[in-house]
């Protein structure tokens, strides 16, 4: 009996502190959703990145998901603000400052390209599944 009381008190303290932490998280989320304004970059709970187009309604928000494509969402669907999109047209290699490939003559006089060949980074495609075979 005497061991049950401290265990019960410890369990009660853990529950109280976790409830306080959860309330703080919910309050911060609500404050972020209320502070949204046109031009903010956001991510929805489904992982969609968009730009706020109109935030004048209390319950809904208009998000631009592509150029000229505006959709209406519940404010609660906005998970977080994200930084602005940085479009980087040119990727430079470490030793290549002007984007041009440098050629070097080898001992036999042929030109060798020192620039690394860039491969497109994309998803790897899995081979098709063969149904009905064992």
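Fully extending the segment from residue 13 to residue 65 would add 14.3 nm, taking 0.36 nm per residue of separation and subtracting the current Cα-Cα distance. Entry note: region 4-82 has Rg to Rh equal to 1.26, where both radii use alpha-carbon atoms and Rh is the Kirkwood radius. A full extension of the chain between residue 29 and residue 72 corresponds to an added length of 13.6 nm, given 0.36 nm per residue minus the alpha carbon distance.
Each label was represented as a point 7 Å from its Cα along the Cα-to-Cβ direction; for residue 5 and residue 54 these points are 6.4 nm apart.
Computed from the coordinates by the stated procedures, all read-outs in this text should not be read as laboratory data. No experiment lies behind these values; they were computed from the predicted model shown. Here Cβ is always computed from backbone atoms with ideal geometry, including for glycine, and neighbour counts include all displayed protein chains.
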